[in-house]
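K.L.:
Have a look at this one.
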Amino acid sequence: MFRSLAALDAFDRRLFDRLTRRERHIVDRSLKQLSKSANRSMLWLAIAATMAVFGGHRARRAALRGTVAIAITSTLVNLPLKYVARRDRPPRCRFDRPLPISMPGSFSFPSGHSASAFAFATGVGTEHPLMVLPILPLAAGVAYSRVHLRVHYPFDVLAGAAIGAGMGLLSGPVIRAARRWWDSMAPVAESERPSTNQLILVVNRSAGGGAKLERAKRAIAALGLRVATEIPVTDAALLPGLLERLGRSPIVVAAGGDGTVGAVANAIVGTPVVLGIIPLGTSNDFARSISIPMHVEHAVRLLARGRVSRIDAGRFTAEGQQPRHFVHAAAMGLNVGFARFATRADMRARLGRLTYAVAVALALRERPVFRCEMEWENRKEQSNLVHLAVINAPVFGGFLGLRIPGSGPDDRTLDVIMIEYLPIRRLIRSAVYPAVGVRRGIRGIRTLQVSRLKVRPTHSMDVTLDGEVAEKAPGIFEVVPAGLRVITPTNFRENHR
């Protein structure tokens, strides 16, 4: 290992000598001014301020994300990383000519200028891709200037750029987590809050483990909330009768993942009953879609301080069966194989957080094709698909926070994703694009927004509702506009524009 590092260091120094051997006065002066403008990230902060003042909502979001990315990166690079690496700067006098700028007093690896430049470019670009066109060349110019002006080795700059890009991607989840925390603390008018402190706790003990559930119960007691009764999610269908016996409606709290929330919603949709959520599952995509904090204590605090909002639900009616409701998504095809594996208690116990990754790999291995007739808004067509998803809430991918552009949990429509048989690389690309903010169509993947969709596969097929195999197609998917009264943060709509 040490021999490899020594070889890399020697190569880095030879490359540095080659890049800086010749003196070029005009280029030196230009890069000197560019490098100085980026001292203490002043160049990027000035661009962010300009975007915030003269840009629209999207530009302001991009400016915020770029600024947060710089803050995270600067803290990481200038405090721990430089002192761990402790790499000396290049020699002050080289090739018998003085340095064009003064040599910084900090260690050389990694380059802080390069890291901040690419953090800002990545953070801004993921929110506003068009801004990459002017900002990325500037970032590359700042990064190169640090080598050209002989204050960094090339590998310092490359490592800084990679770290900055990574922190630029991380800045999105950091901002969303901070907003969820802030929203859970924001005051709500008394008239918009639940009118009771009594709860019915519906629990899924296999979600999140018993430790998180016990933390939630302690937080409930500390806030003066009272659990009138506790039932397992398998008894969720008994909620209407239980609510009737209790008289004044308590808040029904789903303590689990998307499947638990969906089971509770199926029992109370279309009623005045208020739904609260404590996210204890693996993905918690519906909770993320309405900005519920992922921290257990913050989610419990929201039960006492949040706002009651109207949220859409989805409904699936199989032929000859009673309707079943879902909150996040219904699916046919790939997701059925995934759900069968991911919901097995023995697999969850054995694999833990790796369960979903293994389930995805197994579902993608075969990808069987099915033929399906679909009908919506006076249109009818037949397609050969490997996957059909009908989505009510836009966030997916758990902690990655991927989302369907232009979709919301209260937009009175369902988002439909139809996927034909595709090579694995194209399927992976379809997941990577949203993660990095790229909005580009992929051949073989279609999307629709509908209020009603009728599906008829050539043979009966399993349908998952909120990750649980629950029904069989053919049948009809419909949106239930404002069908649920859910406790949400004050500004959840603003957070998902």
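The values are calculated or read from the model by the stated rules, or taken from the named source; none is laboratory data. Since the model is a prediction, treat every value here as computed from it, not as a measurement. Here the Cβ is made from the backbone with ideal geometry for all residues, glycine too, and neighbour counts use every protein chain on show. The protein model used for the area step is the full one, side chains on, heavy atoms only, and it has no ligands, DNA or RNA in it. Shrake-Rupley method; radii C 1.70, N 1.55, O 1.52, S 1.80 Å.
K.L.:
Please determine, by comparing only the residues of the stretch 69-90 that are in contact (Cβ under 8 Å) with a residue 60 or more places away in the chain and out of contact with any Gly (no Cβ under 7 Å at 6 or more places or on another chain), which one is surrounded by the fewest Cβ atoms within 10 Å (Cβ to Cβ).
P.N.:
Arg87
K.L.:
Test of understanding: among Leu414, Leu453, which residue is touching a Ser or Thr at 6+ places or on another chain (Cβ under 9 Å) and at pLDDT 90 or above?
P.N.:
When all the criteria are applied, what remains is Leu414.
K.L.:
Which number in (1) at pLDDT 90 or above; (2) closer than 30 Å to Pro293 by Cβ marks the one condition that Arg205 misses?
P.N.:
Result: Arg205 passes all but (1).
K.L.:
What is the one condition in (1) open to solvent by 50 Å² or more (accessible area, probe 1.4 Å); (2) touching a helix residue (DSSP H, G or I) at 6+ places or on another chain (Cβ under 6 Å) that Ala267 does not satisfy?
P.N.:
Answer for Ala267: the failing condition is (1).
K.L.:
Can you give me the number of residues within the stretch 227-255 that are closer than 16 Å to Glu468 by Cβ and open to solvent by 70 Å² or more (accessible area, probe 1.4 Å)?
P.N.:
2
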